[in-house]
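Have a look at the structure that comes next, please.
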Amino acid sequence: MLERPEGVNSLSRLLREIPHPSGDALESGVDVIGDIAIVRYDPSRDMRTIGKKIIELLKNVRAVYGQEGGIEGEFRLRRLRHLAGEQGTVTLHRENGCQFRLDVAKCYFSPRLSTERLRIAEMARDGEQILNMFAGVGVYSVTVAKKREVHVESCELSRTAFEFHVENNRLNKVASRVNAVNDDAANLPSILKKKFDRILMPHPSKANKFIDAALALAREGGIIHYYRHVSAENLVEAKEVLDDELAPILPHRSETKVRKVREVGKRYLELAADIKLP
């Protein structure tokens, strides 16, 4: 009999222990976004029973969805299948003292990056001009504006995510300091007529395609937070891959510190390069 877990990590461990004819564990864990839980969909398992078990164990969860495949498409969305509880994919998520309304089926969001978002906010300094090139529903932008006296230009291409971003600015009372822009990040050098102290590039699958735009918008001595997914056997090799990618792109005398953000798959890491420009 399953015991009530203390939190999501306990729940993930218990779900992996649910018997299966093959003897294999349930892949991955559980993402809880607001009052919605998302688990990897496995057609060989009784996923509806698993969904009901999640609702039993996590009293704040009202709906459970199974994620089919990975994060996909231009807007990095999940393909979701309803498993248990209420229907509906719009929720209110709280983290780091902020609130975010979003539609988990129509907006990219990972609760696993809350620590990284806080880290960036704590690195910022009062008075900075900050650019977020890939804002989603505004999570990085709102978090830094809540923690620091800064101004943020925040760009998002998806109209749906942009509209939630505008709502989240108001919800967190930072609308006067966070300006949401609904456009392609590649167009920002022609749209924005100023330079920035700090630039965020939290799009690890495509950030490399926009580094020229970021460099055009960064002031001398500015900082770029550049995120990438890297396939490698280990962290040392992954850092070498990212260093090799950046070396021919960055200005001479740039200072780069590369670190691991998280594992996103077998031999697949998300890395962050904190780049200080000359």
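The values are calculated or read from the model by the stated rules, or taken from the named source; none is laboratory data. Bear in mind the structure is a predicted one, so any value in this text is a computation, not a measurement. Heads up, the Cβs are rebuilt from the backbone with ideal geometry, glycines too, and the neighbour counts pull from every protein chain shown. Surface accessibility is based on the protein's heavy atoms, side chains included, excluding ligands, DNA and RNA. Shrake-Rupley method; radii C 1.70, N 1.55, O 1.52, S 1.80 Å.
For the chain, what's the relative contact order in percent, using C-alpha pairs closer than 8 Å and at least 6 residues apart?
On the way: 550 pairs, mean separation 29.1, N = 278.
Reported relative contact order: 10 percent.
Quote to one decimal, in nm, the extra length available between D183 and V90 on full extension: 0.36 nm per residue of separation minus the C-alpha distance between them. Each step should come with its number before you reach the end.
Working: separation 93, 0.36 × 93 = 33.48 nm, distance 2.32 nm.
The D183-V90 span can extend by a further 31.2 nm.
Additional query: So if I place +1 on the C-beta of Lys and Arg and -1 on the C-beta of Asp and Glu, and nothing else carries charge, what would the dipole magnitude of the chain be about its Cα centre? I want it in debye, nearest 20.
Numbers: 45 positive and 40 negative charges, 122 e Å.
With only Lys, Arg, Asp and Glu charged at Cβ, the dipole is about 580 debye.
How tilted is helix 159-171 with respect to the longest principal axis of the chain? Cα atoms for both, answer in degrees (0 to 90, nearest 10).
80
Right, something else. Out of residues 5 or more away from V178 or on other chains, whose amide H comes under 5 Å of its own, with H placed 1.01 Å from N in the peptide plane?
V152
Write down the percent of antiparallel bridges among all DSSP beta bridges whose residues are both part of the chain, to the nearest 5.
Numbers: 35 of 56 bridges.
Percentage antiparallel, nearest 5: 60.
Additional query: Could you pull out every one of the lysines with an alpha carbon less than 21 Å from that of K147, ignoring same-chain neighbours closer than 8 positions?
K173
Here is a further query. Where only protein heavy atoms count, and the probe is 1.4 Å, what is the accessible area per residue for the chain in Å²? Can you show the working numbers first?
Values: 13530 Å² over 278 residues.
It amounts to 49 Å² per residue over the chain.
Now for a different question. Could you work out what % of the accessible surface of region 69-161 is carbon and sulfur, using a 1.4 angstrom probe and leaving DNA, RNA and ligands out of the count?
Working: 1760 of 3820 Å².
Of the solvent-accessible surface of region 69-161, carbon and sulfur hold 46 percent.
Here's another thing I want to ask about it. Which of G34, G69, G222 ends up with the largest GNM mean-square fluctuation for the chain, with Cα atoms connected below 10 Å?
Looking only at G34, G69, G222, the biggest GNM fluctuation is shown by G69.
Residue farthest toward the positive end of the dipole of region 75-158, with Cβ of Lys/Arg at +1 and Asp/Glu at -1: which of G127, P111, V144?
P111
Same structure, new question: Indicate, rounded to the nearest 5 percent, the antiparallel portion of the DSSP beta bridges found entirely in region 32-183. Mind dumping the intermediate values first?
Values: 15 of 28 bridges.
Taking every DSSP beta bridge within region 32-183, about 55 percent pair in antiparallel fashion.
OK, next. Considering the options H225, A273, A37, tell which one lies farthest towards the positive end of the dipole of the chain, charges being +1 on Lys and Arg and -1 on Asp and Glu at the Cβ, about the Cα centre.
Looking along the dipole axis, the top candidate is A37.
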